[in-house]
Amino acid sequence: MITPEVETDPKSFPRVRVVIPCRNEARFIGPCLLSLVAADRSNMHLEVCVCDGMSDDGTREEIKGIASVHPWIKLMDNPARTTPQAMNIGLRPEGFDIGIILGAHAEVDKEFLKENMALLRDHPEVGCAGGVIENVYVDEASRRIGAAMGHPFGVGGAHFRTGRKEGEVDTVAFGAYRREVFDQVGFFDERLVRNQDDEFNYRVTQAGWRIRLSYKIRSKYYVRASLGRLFRQYRQYGYWKVYVNRLHRAITTWRQLVPAALVAFLSLGPAISWTGPIAFGLFLAGVIGYVLVAFVSAFRSASQVKDIPGIMATFFVLHVSYGIGYWHGIFDLILLRREPLSKAHALTR
């Protein structure tokens, strides 16, 4: 007896919405959108919302050109030009079951959408799924910065960068969220210039949901960076992390204290070391220990020997800039009880 083939009802397919915060990304937005066009989109209803901060470099024309061929891609205006508002513009309207945040510099793997859906389907306790980012470098400086950011010594427990852990984590990049998560915990905090995804994921886990990382969920991210830009970026991360702590009256992750401790050690150590030979020896041992660990870590992560000094310099910039920002945040936001002043509005993912 031949069993008739059961046809799946398209009405039961999950509705997936990908939200892309964007401003002045003419170089990257086209490949980003075309990677979604090339991805496996079977058995789902997909829409892509590019929430653009009023770009003036040809980005909007690039989006409109691709959207004219693929009408499930939509251009949405973000006049506020901030990242969390872009996310919320795309996520607040009803009409999706799974919402995915994606960066304009990213390109997704062919199975990216399917693997996100499979993880959420197989793990009902998981409210957010995510995967591993492969850095793609546009120049030598970016290659060295990317290598440092892909090593645990540089970014600690950011497993979506290092690829060192699969399973339950505390945060991911380019997360895929169930609609029920937003219904329960709300949306991204529009007061946060930085750390809005970390803060949101903290609320997700506090509400009882799990965040899970899978090696099968893969994407590329084009790194375009300099040490100066990295310093400013991570100083902001440190500063805004204190604001997140103040909002929740809690240390959201203990690893955030390590860079602040390093800055305190480097700032106070020279003065304390003059109090006696033991203090001097401890300070010197600490400095030598840091340099040795940085060298070994750079050696292991470098694709070329000539990159080692640049990777070590990046480690130092990552740690010190975050630590300086954290201490600035403690002084400004905790001791003086000020509200943060946002100086950087035109941000992208």
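Charge dipole (Cα centre; +1 on Lys/Arg Cβ, -1 on Asp/Glu Cβ; no other charges) of region 16-225 amounts to roughly 280 debye. Report the normalised scattering of the chain as log10 I(q)/I(0) at q = 0.07, 0.12, 0.14 Å⁻¹, calculated by the Debye formula with identical scatterers on the alpha carbons. Here the Debye-derived log intensity ratios amount to -0.33, -0.91, -1.21. Of the DSSP H helices in the chain, those with a Cα length along their own long axis of 27 Å or more and a mean Kyte-Doolittle hydropathy reaching 0.5 comprise 277-301, 308-329.
Cβ crowding within 10 Å, taken as a proxy for footprinting-reagent exposure, orders His105, His70 from fewest neighbours to most as His70, His105. Ordering Ala141, Ile211, Ala39 by Cα displacement along the dipole of the chain toward the positive end leaves Ala141 in first place; charges were set at the Cβ atoms of Lys, Arg (+1) and Asp, Glu (-1).
With the simple spin-label model, which puts each label point 7 Å out from Cα in the Cβ direction, the Ala261 to Met76 separation comes to 4.2 nm. A protection proxy built from the mean count of other Cβ atoms within 10 Å ranks the segments 191-201, 281-291, most packed first, as 191-201, 281-291. Listing Leu227, Leu257 from fewest to most neighbouring C-beta atoms within 10 Å gives Leu257, Leu227.
Along the charge dipole of the chain, pointing to its positive end and built from +1/-1 on Cβ of Lys, Arg, Asp and Glu, which listed residue (His70, Phe188, Cys128) has its Cα farthest out? Of the listed residues, the answer is Phe188. Every helix of 4 or more DSSP H residues in the chain counts as -39500 (n - 2.57), and over all residues that averages to -14500 deg cm²/dmol at 222 nm. The mean sequence separation of alpha-carbon pairs under 8 Å and at least six residues apart, normalised by the residue count of the chain, gives a relative contact order of 20 percent.
Each of Asp97 and Ser12 was given a label point 7 Å from its Cα along the Cα-to-Cβ line. The distance between the two points is 1.0 nm. In terms of other Cβ atoms within 10 Å, Lys64, Lys11, Lys241 run from fewest to most in the order Lys11, Lys64, Lys241. Taking the DSSP beta bridges with both ends in the chain, the antiparallel portion is around 30 percent.
By the scheme Lys and Arg +1, Asp and Glu -1, what is the net charge of all other residues having a beta-carbon under 10 Å from that of Gln256? If you can, show how the numbers build up before the last one.
Numbers: positive: Lys241, Arg255; negative: Asp198.
Around Gln256, the charge tally is +1.
Modelled spin labels at Gln206 and Asn135, positioned 7 Å past Cα toward Cβ, are 3.1 nm from each other.
Greater than 28 Å separation of Cα atoms is the criterion. Which listed pairs, Lys110/Lys306; Lys216/Lys241; Lys74/Lys114; Lys64/Lys110; Lys74/Lys110, meet it?
Details: Lys110/Lys306 34 Å; Lys216/Lys241 30 Å; Lys74/Lys114 21 Å; Lys64/Lys110 23 Å; Lys74/Lys110 21 Å.
Result: Lys110/Lys306; Lys216/Lys241 exceed 28 Å.
How high is the relative contact order of region 215-349, given as a whole-number percent (alpha carbon pairs under 8 Å, six or more residues apart)? Relative CO of region 215-349 lands at 44 percent.
A short reminder: the numbers here are calculations on the coordinates, not readings from a lab. On a predicted model such as this, the values are computed, not experimentally measured, just so you know. Counting neighbours? That spans all protein chains shown, and the Cβs are built from the backbone with ideal geometry, glycine included.
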